[in-house]
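Reading through the structure tokens given below for one structure.
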Amino acid sequence: MDAIALLTRDHREVKQLFAQFEKLTERAAKSKEKLVLKMIRELAIHSAVEEMLFYPAVRSAGLKAGTRVGEQVADSILESLEEHHIVKWTLSELEKMDADDERFDAKVKVLIESVKHHVEEEEGELFPKVRKLLEPQMLAELGVRMEKAKKLAPTRPHPRAPDMPPGNIVAGSVAAIMDRGKDLMRDVLTREKRPQA
């Protein structure tokens, strides 16, 4: 699967989580919290892989091309990084909130709107230009690397961490270890709270 197909698949999966959330009623606090945790995980992994591999490769190719399309792509990457930054702060805040907080649903709504806007720009504007800029072989190789990187990426937002190499690679590696430890502890605690059959 090439890099763009992989990212597009991620977009679809996150949109499905959004649709599930939007169907829930106000009383479904536990279900909302579980869905938001899934959103946080998926969006954290997705953005980390984009920032570590896809964006640097695409931006570098855009700058090297010396064409108008190349410049537009390089500029779009900078805008995408800023959109990621906003989403990471929102995710970070949601991670600390309970679903019964009066601002929880509003914050999730803002998250959904922000991510949908970002996805529309990437799929409608950036990805078609990237297909013109990068050879299919390079996109395929990048996709393989990105798929592997997803297994080692941070699973939580880190809005204060660097978002460009080499800083994000170093910080992301450390964050991923810590995140997976926290995830394991949360899973253990969740299992212990369940009533025994």
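The values are calculated or read from the model by the stated rules, or taken from the named source; none is laboratory data. None of these values were measured; they are calculated from a predicted model. We place every Cβ from the backbone using ideal geometry, glycine too, and count neighbours over all the protein chains shown.
Among the residues of region 67-81, which ones are part of a helix (DSSP H, G or I), of a type in the set (Val, Ile, Thr) and more than 16 Å from GLU120 (Cα to Cα)?
Going through region 67-81, the residues part of a helix (DSSP H, G or I) turn out to be 68-81.
From what is left, the residues that are of a type in the set (Val, Ile, Thr) are 69, 73, 77.
The answer is VAL69, and nothing else.
Taking residues in region 172-190 that are modelled with pLDDT of 75 or more, and partners anywhere that are not β-branched (Val, Ile, Thr), the pairs with Cβ atoms closer than 6 Å and at least 6 places apart or on different chains are ASP179/PRO154; ASP179/ARG156.
Quick one: is GLU135 out of contact with any Lys or Arg (no Cβ under 9 Å at 6 or more places or on another chain), under 30 Å from THR25 (Cβ atoms) and either among the hydrophobic types (A, V, I, L, M, F, W, C) or surrounded by fewer than 13 Cβ atoms within 10 Å (Cβ to Cβ) (or both)? Even if it seems obvious, please write down each step before you answer.
Values: out of contact with any Lys or Arg (no Cβ under 9 Å at 6 or more places or on another chain): yes; under 30 Å from THR25 (Cβ atoms): no; either among the hydrophobic types (A, V, I, L, M, F, W, C) or surrounded by fewer than 13 Cβ atoms within 10 Å (Cβ to Cβ) (or both): yes.
So GLU135 fails the test.
For region 133-163, the set of residues classified as of a type outside the set (Asp, Glu), part of a helix (DSSP H, G or I) and either more than 15 Å from PHE54 (Cα to Cα) or touching a Leu at 6+ places or on another chain (Cβ under 7 Å) (or both) consists of LEU142, GLY143, ARG145, MET146, ALA149, listed by residue number.
Checked against the criterion of being surrounded by 14 or more Cβ atoms within 10 Å (Cβ to Cβ), without any contact (Cβ under 8 Å) to a residue 12 or more places away in the chain and over 23 Å from ALA149 (Cα atoms), region 79-90 contains not a single residue that satisfies it.
Pairing each residue of region 15-27 that is free of Cβ contacts under 8 Å to residues at least 40 places away in the same chain with any residue that is of a type outside the set (Phe, Trp, Tyr), provided the two are 6+ apart or on different chains, yields C-beta distances under 8 Å for LEU17/LEU35; LEU17/LYS38; LEU17/MET39; LEU17/GLU42; GLN20/LEU35; LEU24/SER31; LEU24/LYS32; LEU24/LEU35.
When GLU95 is tested against (1) under 12 Å from the mean Cα position of the chain (by Cα); (2) surrounded by fewer than 20 Cβ atoms within 10 Å (Cβ to Cβ), exactly one condition is not met: (1). GLU147: acidic (Asp, Glu) and in contact (Cβ under 8 Å) with a residue 24 or more places away in the chain, yes or no? So GLU147 fits the description; yes.
Mind checking which residues of region 51-78 are acidic (Asp, Glu), without any contact (Cβ under 8 Å) to a residue 60 or more places away in the chain and under 28 Å from ALA175 (Cα atoms)? Matches in region 51-78: ASP75 only. Scan region 105-124 and give yes if some residue there is of a type in the set (A, V, I, L, M), within 30 Å of GLY66 (Cα to Cα) and not in a helix (DSSP H, G or I), otherwise no. No, region 105-124 contains no residue that is of a type in the set (A, V, I, L, M), within 30 Å of GLY66 (Cα to Cα) and not in a helix (DSSP H, G or I).
Mind telling me which of the residues VAL110, VAL119, VAL130, VAL115 ends up being buried (at least 20 other Cβ atoms within 10 Å of the Cβ), at pLDDT 95 or above and under 16 Å from the mean Cα position of the chain (by Cα)? Step by step, each of VAL110, VAL119, VAL130, VAL115 is checked, and only VAL115 is buried (at least 20 other Cβ atoms within 10 Å of the Cβ), at pLDDT 95 or above and under 16 Å from the mean Cα position of the chain (by Cα).
When the residues of region 64-73 are filtered to those that are surrounded by fewer than 21 Cβ atoms within 10 Å (Cβ to Cβ) and within 14 Å of ARG131 (Cα to Cα), the one that is farthest from the chain's Cα centre (by Cα) is ALA65.
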